[in-house]
Amino acid sequence: MTPLLTVNNLHVSFHSYQGEIQAVRGIHFAVKPGETLAIVGESGCGKSVTAQTIMRLLPSTAKIVQGEIRYEQQDLTQLTEVKMESIRGSQIAMIFQDPMTSLNPTMTIGQQLMEGLRKHLHLNKRLAKKRAEELLSLVGISNPHLRLKQYPHQLSGGMRQRVMIAIALAGDPKLLIADEPTTALDVTIQAQIMELLKSIQEKMGMALLLITHDLGIVAEVADRVMVMYAGKIVEHGTVDELFQHTKHPYTWGLLRSLPQLKQSREESLVAIPGSPPDLLHPPKACPYVNRCLQAMVICDQTPPELTACSSTHQVACWLEHPMASKEHENRAGGDE
Amino acid sequence: MEKESFQPIQRNFLSYQRLERKQVGFWQDAWYRFRSNKGALLGAIFIICIMFFAFFGSSFSQYDYYSQNLLEVDQGDSAQHYFGTDSLGRDLWARTWYGAKISLLIAFLAVALDVLIGVTFGGISGYFGGRVDDTMQRVIEILYSIPNLIVIILMLMWLEPGIIPIAVALSITGWVPMARIVRAQVLKLKSQEFVLAARSLGASHRRIFIRHLLPNTVGPIIISVSFSIPSAIFFEAFLSFIGLGLRPPQASLGVLVNEGYRYLQLYPHQLLWPALLISLIMLGFNLMGDGLRDALDPKMKR
Amino acid sequence: MTFYILRRLILMMVTLLLIITATFFLVHSLPGTPLKNEEKLPPEIRDQILHEYGLDQPLYVQYFRFMGGLFKADLGKSLMYDGRDISQMLKERFFASAFIGFQGILIGLIIGGGLGILSALYQGRWIDNFATSTSVLGVSIPSFVLAGLLSFWVGVKWGILPPALWGSYAHTIMPSLSLSVAVIAQFSRYVRTELVEVLNQDYIKTARAKGLSKAAVIWRHGLRNALIPAVTVLGPLTVNILTGSLVVEKIFGVPGMGALFVDSIINNDYTAVLGTTIFYSLLIMISVLLIDILYGWIDPRIRVAGRRGE
């Protein structure tokens, strides 16, 4: 199947008075139609920047240094702003982390929902209103007729995120980017929203690019996972591969820091020591070397390349090199 | 590739956390941002120069600000009288810088009073909260809704005009914004962990306020002060202009502007110098204030 | 909302009562006598004049009389202007002041708003630098200095506009311009800050993610949200205009309330000071209240929920 979206060798930097912050440092990936790809990592690893780059919604201090983002024969990095406007919302849509601040406080839900409908589907006012009501019902909001006239502050956080999803769906996009869609919500609401996203994705047959730091969500909804660290992809594979045949020590560390039902009381959660490197001066070798329990001499000298271990599974780690000792291999299984 | 490359690294984990970037403290960071703001630096230079001349300017001239010389009235600028003379033959260079000194003194005094009252009032109100805060807030609310212009004018009709009465009149309502800022800051800070920690260690109210809360309100206070000074200078000049200022031979910039107006048609230079100087002082403080706000306001910090 | 307005009205009444009382006793405790050339007057005439103004009564009687007069909009009689009615004088002079004031604030809002919007949209470009410099200069140059310079150069030297006095529309331009400079400076700065902040909000990203054009995002989502809070500075700006009008009217010889106020201060016309002070306080407080109500009305967060945002 030809991919819907392909990202090649993307580099994105921010300018600050202290220098250039290299937020994304050469990543490759592809999203196929209808699938769910999750990007996982700590805050500051470049996952949100990647999402904003695809939408070309980077702040003015950021710029795409090199690379291409191919969406249906076009390179999004090269499109004019006007062309990009016709893609945003109608081809690729996005929902954001905080539903409390992502809706305009001085416009009604209806006004905000109908903007996209009128722009992309060229509906007149009456039809747009009808469609807006349908969309609200679709995202599980009862009494849509009434809700259209309300302002965001009259709705709860979960409701607002549903409205955000409805807004994103307005242009009938083929790819939906969800940037931490549940982080700002209550735990009980989180599950509902993820379920909603999943069911809508199936109904509408769109691809979902899910940015999150929550591996629990990933395990539930994603087809494939990409782990980012310090602006690079460190591991990339199907959910099964990543959870059952973890290769990279960082991924393994992330998994270990998750609480598990089977875990006994004596076993404590293991946090990863240290903190990510400063991207003002990104390390030339493996960025994880400072925090890695299996670090070897070479890790501090040469950066590891992303290498395939199966047709779908890639990892950037020197431990995969034939000359490295294989003791660590058992650890993922041995943990259970 | 050599086999040794794949040996585990020997190291102590904790000591290995390299800090590649120099860690910058808040004040250092603020200083950097202030320095890199051209406008702010320009403002600071204006102020330093003007203050220098205001306090030492008289030594560059043989004249003083009050001696009249009826043989040399209304002269233009010359090697003797750099800024010329006024209608009573007084040297305008000496008078202008003297006026600047008085204006600055009044402003500094008024703002010092603002800070003193504002920090005390706002601090107590914010720190103790509850009914104390409620009562004090009502006072502030009423004071805030009284037009300060009216209060200042009335106070000055009542007091004998002089440096201290003018400063007092200016700070009667001037302290209110300061109190609001300090109260808001204290309210925000007092529930934070470091204050709770200090309290649970048994620190006294006084100690908590002086050691923990005050240092953290310094930023907003500085910003507020840097805008209060030009506003005080403006009001002083304004009062002198409408005839409620200092009495001759004392002079402030406002008095000089007022005197300059009388002969504007004939001798515009008599208005020009004090008018220019007062504008430059205000410009300097405003520029510096902008720079300080950008440097110290954490909201703007990105 | 109704509760809020009621509360504010009560607060306003209390404050006003406080101001009136304080002003009354302050004015009456001023040293000296309100009569000019008192020494030269024969005692009988002096007593007669004092009696005419009610100044021979005990102070508290005068106070209650004065307060009673207030309900009939009677502010007493001027000492300077030979017993003319102060309310009447204010009424006559209100139009001139209101005209140059409104014109000044209108010019200020239009130019200031425009500059603020442009500089927020083109941050760091020449128009931004220009607007920011204008704003700092405008805040820094006192109105009485600017008015003098305008009057001298534009009026006297170049003769483009009448330098002073009152009569035709041309006479209103320079006073209004002098007043508008401070408004331009403050409003442009405020709009810039507000718009920059709004443009950094998440909902702007949402709007752009919908595929709206930049113009639509700025117009529908940016400006609306930036200008709603900008209404709140109208209060301080009005106070600013009223303050400025005192000196500007004096300099340009506008027959307005400001000039009356300054004249009565200079001439120790105590009853007139009392009357104008009260009128000014009332005017300032009413405009501030009206602006707050306007703000509550145009911001749906307050209008719908009936409470202040945040």
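Just a few scattered comments:
- Rounded to the nearest 10 degrees, the angle from helix B:92-128 to the longest Cα principal axis of chain B is 40 degrees.
- Rounded to the nearest 10 degrees, the angle from helix B:38-56 to the longest Cα principal axis of chain B is 50 degrees.
- Using a Förster distance of 60 Å, the FRET efficiency for B:PHE60-A:GLN66 (Cβ separation, nearest 0.05): 0.45
- Each of C:SER143, C:PRO236, C:ALA96 was placed along the dipole of the range C:94-266 (beta-carbon charges, centred on the mean Cα), and the one lying farthest toward the positive end is C:PRO236.
- Membrane-span-like helices of chain C, defined as complete DSSP H segments with a Cα extent of 30 Å or more along the helix axis and a mean Kyte hydropathy of at least 0.0, are identified as C:2-28, C:86-121, C:170-199, C:270-298.
- About its Cα centre, the dipole of the range C:94-266 is roughly 660 debye, where the only charges are +1 on Lys and Arg Cβ and -1 on Asp and Glu Cβ.
- Compactness check for the protein assembly as shown: Cα Rg over 2.2 N^0.38 Å is 1.18.
- Charge context of A:VAL315, other residues only, Cβ under 12 angstrom, K/R +1, D/E -1: -2
- Charges were assigned to the Cβ only: +1 to each Lys and Arg, -1 to each Asp and Glu. The resulting dipole of chain B about its Cα centre is roughly 1600 debye.
- Average Cα contact separation per residue, the range C:94-266, under 8 Å, 6 or more apart, as relative contact order %: 33 percent
- Taking label positions 7 Å along the Cα-Cβ direction at both A:LEU293 and B:GLN80, the computed distance is 9.3 nm, reported to one decimal.
- Under the Debye formula (equal points on every Cα, no solvent term), log10 I(q)/I(0) of the range C:94-266 at q = 0.12, 0.16, 0.17, 0.18 Å⁻¹: -0.60, -0.89, -0.96, -1.04
- Prolate/oblate/rounded label for chain C (Cα gyration tensor, a/c 1.5): oblate
- With the Kirkwood sum run over all distinct C-alpha pairs, the range A:22-147 has a hydrodynamic radius of 17.1 Å.
- Mean per-residue shielding of peptide A:149-160 is 2, counting Cβ atoms of other chains within 10 Å of each Cβ.
- Relative to the current alpha-carbon distance between C:HIS51 and C:ARG125, full extension at 0.36 nm per residue lengthens the span by 19.7 nm.
- Other protein chain Cβ atoms within 10 Å, averaged over every residue that makes up A:12-24: 1
- Bridge orientation summary for the protein assembly as shown: considering DSSP beta bridges with both residues in this region, about 65 percent are antiparallel.
- Estimated from the Cβ-Cβ distance and a Förster radius of 41 angstrom, the FRET efficiency linking C:ILE110 and B:ARG138 is about 0.60.
- Longest site-free stretch - chain B; sites: GluC sites (Glu not before Pro), DSSP loop, at most 11 other Cβ within 10 Å: B:21-302
- Inter-part distance where the range C:276-303 and the range A:1-33 are each reduced to a Cα centre, Å: 52 Å
- Taking C:PHE130, B:PHE83, C:PHE144 and counting other C-beta atoms within 10 Å, the order from fewest to most: C:PHE130, B:PHE83, C:PHE144
- Among C:LEU246, C:LEU294, C:LEU195: highest mean-square fluctuation, GNM of chain C, C-alpha pairs under 10 Å: C:LEU294
- Unsatisfied cross-links (Cα-Cα over 28 Å) in the set A:LYS247/C:LYS210; A:LYS130/A:LYS203; A:LYS63/A:LYS125; B:LYS38/C:LYS250; A:LYS203/A:LYS232; A:LYS63/A:LYS130: A:LYS247/C:LYS210; A:LYS63/A:LYS125; B:LYS38/C:LYS250; A:LYS203/A:LYS232; A:LYS63/A:LYS130
- For chain B, built as a Gaussian network whose Cα springs stay under 10 Å, the top-fluctuating residue of B:ALA54, B:ALA237, B:ALA203: B:ALA203
- When A:TRP318, C:TRP126 are sorted by how many other C-beta atoms sit within 10 angstrom of their C-beta, beginning with the fewest, the order is C:TRP126, A:TRP318.
- The label point for C:GLN88 and the one for A:MET1, both projected 7 Å from the Cα toward the Cβ, are 9.2 nm apart.
- Averaged over peptide C:131-144, the number of partner chain Cβ atoms lying within 10 Å of each residue's Cβ comes to 6.
- With the simple model of a label 7 Å out from the Cα in the direction of the Cβ, A:VAL270 to B:ARG131 spans 5.8 nm.
- Where trypsin sites (Lys or Arg not before Pro) in DSSP loops with at most 13 other Cβ within 10 Å are excluded, longest remaining stretch of chain A: A:1-148
- Distance between the range B:196-242 and the range C:47-89 - C-alpha centres, whole angstrom: 44 Å
- Prolate/oblate/rounded call for chain A, Cα gyration tensor, a/c under 1.5 rounded: prolate
- Loop chymotrypsin sites (Phe, Trp or Tyr not before Pro), the range A:1-64, which have at most 12 other Cβ atoms in a 10 Å radius of their Cβ (DSSP): A:TYR17
- Surrounding net charge for C:SER180, when Lys and Arg each add one and Asp and Glu each subtract one, Cβ distance under 15 Å: 0
- Charge tally in the Cβ shell below 10 Å around C:THR132, where Lys, Arg are +1 and Asp, Glu are -1, C:THR132 excluded: 0
- When C:TYR295, C:TYR203 are arranged by Cβ crowding within 10 Å, least crowded first, meaning fewest neighbours, the order is C:TYR295, C:TYR203.
- Prolate/oblate/rounded label for chain B (Cα gyration tensor, a/c 1.5): oblate
Read-outs: derived from the displayed coordinates by stated rules, not from any lab. Since this is a predicted model, take the numbers as computed values, not measurements. Note: ideal-geometry Cβ built from the backbone for every residue, glycine included; neighbour counts use all protein chains shown.
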